[in-house]
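The values are calculated or read from the model by the stated rules, or taken from the named source; none is laboratory data. This structure is a prediction, so every number in the text was calculated from the model and none was measured. When we count neighbours, we look across all protein chains shown, and the Cβ atoms used for this are built from the backbone with ideal geometry, even at glycine. Protein only, heavy atoms only, side chains kept; ligands, DNA and RNA dropped before computing areas. Shrake-Rupley method; radii C 1.70, N 1.55, O 1.52, S 1.80 Å.
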Amino acid sequence: MTGPADCHVLGRWRLVESDIWDGDYLNLVGPATIAFEADGHGEFAFGCIQASMDLEYGRTIVFFRYIGCDEGDEVTGSGSAEINDDGTLEIELSFDNGDDATLKARRI
């Protein structure tokens with residue numbers, strides 16, 4: 001793992017696509033976003049889901065654990081976010097005891 005200063009994933013991204021949710025759901029409550037900070041934390045919000053993340057950094061990839069809520073119910077899980085050759089971000093999201101999803105994001 002590298003330090004946060006070497007990580008190209010840092011910053012704010014707009015979630016634009018998902019393999020299990022459509023665009024209307026992603027932007028249900030507000031713009032669907034995910035953010036990665038240099039302090040080891042991040043957050044994402046889409047649909048009815050809002051969560052905070054603890055991060056581990058690579059140069060073009062971030063691994064994370066998250067905790068948050070989905071319509072008032074607690075959700076936890078893990079994931080990763082990696083920069084593709086075209087500059088988009090591919091996010092693998094796994095809900096503990098639940099679904100797995102792949103999302104795509106573009107830098108804001």
I'd like to check something: does segment 1-15 contain any residue that is of a type in the set (Ser, Thr, Tyr) and within 10 Å of Ala105 (Cβ to Cβ)?
no
Just to be sure before I move on: is Ile61 touching a Ser or Thr at 6+ places or on another chain (Cβ under 7 Å), surrounded by fewer than 21 Cβ atoms within 10 Å (Cβ to Cβ), in contact (Cβ under 8 Å) with a residue 12 or more places away in the chain and of a type outside the set (Gly, Ala, Ser) in the structure I sent?
yes
Residue pairs within 9 Å by beta carbon, gap of at least six or interchain, first lying in segment 21-42 and over 19 Å from Glu92 (Cβ atoms), second modelled with pLDDT under 95 and loosely packed, with under 14 Cβ neighbours inside 10 Å, listed first then second, are Ala38/Gly3; Ala38/Ala5
Scanning segment 80-108 residue by residue, the ones that are of a type in the set (S, T, N, Q), more than 10 Å from the chain's Cα centre (by Cα), surrounded by 12 or more Cβ atoms within 10 Å (Cβ to Cβ) and closer than 17 Å to Arg65 by Cα total 1
Kindly provide the set of residues from segment 36-51 that are surrounded by 15 or more Cβ atoms within 10 Å (Cβ to Cβ) and either within 16 Å of Thr102 (Cα to Cα) or not aliphatic (A, V, I, L, M) (or both), ordered by number.
Phe36, Gly42, Glu43, Phe44, Ala45, Phe46, Gly47, Ile49, Gln50
Pairs, please: C-beta under 8 Å, at least 6 apart or cross-chain, first residue closer than 16 Å to Ala35 by Cα and in segment 71-84, second modelled with pLDDT of 95 or more and among the small types (Gly, Ala, Ser)?
Ser78/Ser94; Gly79/Ser94; Ala81/Ala105
Flag if Glu56 is closer than 17 Å to Arg107 by Cβ, modelled with pLDDT of 95 or more and open to solvent by 10 Å² or more (accessible area, probe 1.4 Å):
no
Those residues of segment 4-16 which are open to solvent by 30 Å² or more (accessible area, probe 1.4 Å) and either without any contact (Cβ under 8 Å) to a residue 12 or more places away in the chain or more than 12 Å from the chain's Cα centre (by Cα) (or both), in sequence order:
Pro4, Ala5, Asp6, His8
